[in-house]
Amino acid sequence: MLDMIVDRCSTMCLLACLIYFYPSYILFFQFSMIVDIASHWLHLHSSVLSGKSSHKFIDLKANRFLKLYYTNRIILFLMCAGNELFYTTLYINHFYTGPKVFGFGLWSIVICLTAPIAFLKMLISLIQLHAACVNMASVDELERSQNKAD
């Protein structure tokens, strides 16, 4: 859990800098922050309440995108690394566009290549948020039925 908190906090700091550097994209960066924090926190919380030993253990009947995301370590790594590379490269690009490659700055090219990964990662986080909300509703329903039985 500590690694998740450190990841979330460092990403929030980076996104806060990007809001300052790219003010016309403030809503995108704020939405990224909200989705990232909410989806991870609620997913972790629902996992704990469901008695799972790790938030990475998912129900095999769960959403197929989340199943693929959490069971394929290569995809998980590429999505996380690509997402962080996108935001980090936006930060670097603010100061230096990099050497020219085919007439474009290297960092601009990396941003264009990693942007689809960042958007896909955000979509996966939204799916994760939805699944966690459904799981929390199930936990709440079970607790209410147990309280009525007592």
Residue 3 being charged (D, E, K, R), part of a helix (DSSP H, G or I) and in contact (Cβ under 8 Å) with a residue 60 or more places away in the chain: no
Segment 96-118, residues that are under 16 Å from the mean Cα position of the chain (by Cα) and surrounded by 14 or more Cβ atoms within 10 Å (Cβ to Cβ): 114, 115, 117, 118
Residue count, segment 49-64 (criterion: modelled with pLDDT of 60 or more and surrounded by 13 or more Cβ atoms within 10 Å (Cβ to Cβ)): 5
Search result, residues across segment 65-95 that are modelled with pLDDT under 95, hydroxyl-bearing (Ser, Thr, Tyr) and either surrounded by 15 or more Cβ atoms within 10 Å (Cβ to Cβ) or over 25 Å from residue 47 (Cα atoms) (or both): 69, 70
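Listed here are the residues, each with its yes/no results for (1) among the aliphatic types (A, V, I, L, M); (2) within 27 Å of residue 6 (Cβ to Cβ).
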site	(1), (2)
88	no, yes
91	no, yes
97	no, no
100	no, no
104	no, no
108	no, no
115	yes, yes
121	no, yes
Residue in segment 135-148 that is of a type in the set (Val, Ile, Thr) and either closer than 26 Å to residue 17 by Cα or not in a helix (DSSP H, G or I) (or both) present: no
Odd one out for residue 107 among (1) in contact with a helix residue (DSSP H, G or I) (Cβ under 6 Å, 6 or more places away or on another chain); (2) under 17 Å from residue 40 (Cβ atoms); (3) without any contact (Cβ under 8 Å) to a residue 24 or more places away in the chain: (2)
Residue within segment 117-127 that is in a helix (DSSP H, G or I) and touching a His at 6+ places or on another chain (Cβ under 8 Å) present: yes
Selection count where residues are under 14 Å from residue 79 (Cβ atoms), in contact (Cβ under 8 Å) with a residue 60 or more places away in the chain and of a type outside the set (A, V, I, L, M), scope segment 110-150: 2
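The values are calculated or read from the model by the stated rules, or taken from the named source; none is laboratory data. Here the structure is a predicted model, which is why all the values come from computation and not from measurement. Please note: Cβ atoms are built from the backbone with ideal geometry, for glycine as well, and neighbour counts cover all protein chains shown.
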